[in-house]
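Note sheet for the following structure.
Bear in mind these aren't lab numbers, they're just calculated from the coordinates by the rules spelled out. The model shown is predicted, which means the values in this text are computed figures rather than measured ones. Virtual Cβ from ideal backbone geometry, glycine too; neighbours counted across all protein chains shown.
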Amino acid sequence: MGSVTRGSFAISRTVQAPVAKVWTAFADAEAKEKWFKGPDSAPDEHTMDFRIGGHEHNQGKFHDGTEHQFEATYYDIVPNARIIYTYEMYIDGSRISVSLAIIEFQDLGGATQVTISEDGAFLDGFDKPEIRQQGTIELFNALIRSVEEN
């Protein structure tokens, strides 16, 4: 098809946990695996090299057999303050989007304000900004549950 839909959004939440604990949920592969997955899937593969220039790979299947894949490269990491990365999403081997994501952490003295901003290019009608935003909200909610319950 050759079409591109552009979209941007930002989501902020206060997490009732210290910034170091919230940071770890993003920076540590084992901690991230507890929340970074869709509600209808489990990752088959997850590798993470959390450093500037490092790569993250997450691949799995939805219950209906559809394969999904996340490929990210980290460009900026300031501990307990921000993470900037780009990522591509694939469904059944077809690239459906390319995005720039910025995650900012603000220490609120025992709680943490987290803001996730994303600018995306959604390709050939396979994905839409509003669907990605809803998926990000669901991941954010899973992150909060993971961090606040443990």
Nearby aspartates and glutamates by direct alpha-carbon distance to Lys37 (threshold 14 angstrom, same-chain neighbours under 8 apart not counted) | Glu45, Glu56, Glu67, Glu71, Glu138
If the cut-off is a Cα-Cα distance under 19 Å, which lysines reach Lys34, setting aside same-chain residues fewer than 8 apart in sequence?
-> Lys21, Lys61
Taking K and R as +1 and D and E as -1, what net charge do the other residues with C-beta under 12 Å from the C-beta of Leu100 add up to?
-> -3
So what's the gap between the Cα centers of the range 91-150 and the range 13-81, to the nearest angstrom?
-> 10
Taking 0.36 nm per intervening residue step and subtracting the Cα-Cα distance, what contour gain separates Asp28 from Ala10 on full extension?
-> 4.2 nm
Over all distinct Cα pairs, what is the inverse of the mean 1/r for the range 63-150, reported as the Kirkwood hydrodynamic radius in Å?
-> 14.5
How high is the relative contact order of the chain, in percent, with contacts defined as C-alpha pairs under 8 Å that are six or more residues apart?
-> 30
Ellipticity estimate at 222 nm from DSSP helix runs (n ≥ 4, -39,500 (n - 2.57)) divided over the chain, nearest 500 = -7000 deg cm²/dmol
